[in-house]
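Notes to accompany the following structure.
The values are calculated or read from the model by the stated rules, or taken from the named source; none is laboratory data. All figures in this text were calculated on a predicted structure; none of them were measured in a lab. All Cβ positions, glycine included, derive from the backbone under ideal geometry; neighbour counts span all protein chains shown.
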Amino acid sequence: MLEVINLNKKYNKLEAAKNINFTINKGEIAVLVGPNGAGKSTTLKSIAGLLKYDGEIKICGKINKTPDGKRLFGYIPELPSLYPLLTVEEHIHFIARAYGIKSYEDKAEKLLTIFDMSDKKEKLAQELSKGMQQKVSIICGLITNPQVILFDEPMIGLDPKAIKELKNLICELRDEGASILISTHLLDSMEELWDRILIMKNGEIVVSKTKNEFNEADESLEDIFFEFTEEK
Ligand code: ADP
């Protein structure tokens, strides 16, 4: 479970996140949307513990910046940041060992296979295409068995097969009880996945609703997005 309580973040005088409150339950996929500059990345980076902020963020009841909290979440940033001179396999070993994960080899094989990366294990990160780097970033984010998973534009740069596999994987993680937060502009790609929508505008959450709370069953994410973000 992810709990964000009274999150406030200022960059000098600019209030990029204003009194943000939301919860993502176990087994729930939340999509975080909003126009450019709405504060989505600021919110994700705060949850990932990469920024200083006011407020409280809990991962399964543990403060996100504590070792116990950190152990429980995975963050897949918008731009993969890999170690150029480590191979794909070395990345996975390094992350798994840093988190004290003992048996990760089977899971690593499964993830490498579904992303067609099994024959790239020996390749250095600097030799990989952008999409392959994104795949390694996703594998490293998931190899630690996180209970809360943050994805920032996870589909960008992935080929259609990898997008399909990633969607299946996200559903599997949801079914296993993870709380998943996905920030994206690619609303179509989330259509069949989302359980909760969080819409940000000017640093605030203007909507936090589950799919069931929308009256019209055929309302698309895009319809909902424009309904709440367009100036009237
Ligand atoms: P989004 O991810 O929704 O596009 P961001 O969280 O990146 O929005 O940005 C929210 C606001 O904070 C924007 O006005 C942006 O210009 C500002 N901002 C983001 N990062 C910084 C930073 N490091 N320093 C100063 N202002 C920033």
For segment 88-115, pairs from a residue that is within 24 Å of Asp159 (Cβ to Cβ) to a residue that is part of a helix (DSSP H, G or I) and acidic (Asp, Glu), with Cβ under 6 Å and 6 or more apart or across chains, are Ile114/Glu165
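Residues checked against (1) modelled with pLDDT under 95; (2) β-branched (Val, Ile, Thr):
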| site | (1), (2) |
| --- | --- |
| Ile20 | no, yes |
| Thr23 | no, yes |
| Ile29 | no, yes |
| Gly39 | no, no |
| Thr43 | no, yes |
| Ile47 | no, yes |
| Cys60 | no, no |
| Ile63 | no, yes |
| Leu79 | yes, no |
Residue check, Glu90 surrounded by 15 or more Cβ atoms within 10 Å (Cβ to Cβ), within 18 Å of Leu198 (Cβ to Cβ) and not basic (Lys, Arg)
no
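Per-residue answers, yes or no, for (1) crowded, with 19+ Cβ neighbours inside 10 Å; (2) at pLDDT below 95:
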residue: Lys167; (1), (2): no, no
residue: Glu172; (1), (2): no, no
residue: Ala178; (1), (2): yes, no
residue: Leu181; (1), (2): yes, no
residue: Leu187; (1), (2): no, yes
residue: Glu191; (1), (2): no, yes
residue: Arg196; (1), (2): yes, no
residue: Glu204; (1), (2): no, no
In the set Ser129, Ser189, the lone residue that is out of contact with any helix residue (DSSP H, G or I) (no Cβ under 9 Å at 6 or more places or on another chain) and either polar (S, T, N, Q) or within 16 Å of the ligand (Cβ to nearest atom) (or both) is Ser129
Of all helices (runs of 4 or more DSSP H) fully inside segment 1-104, the set with 2 or more residues that are away from the ligand (no atom under 12 Å from the Cβ), farther than 25 Å from Cys171 by Cα and not assigned by TED's automatic domain parsing to the domain that holds Glu172 is 88-98
Q.
With the structure loaded, tell me whether Gly100 is of a type in the set (Gly, Ala, Ser) and at pLDDT 95 or above or whether it fails that test.
A. no
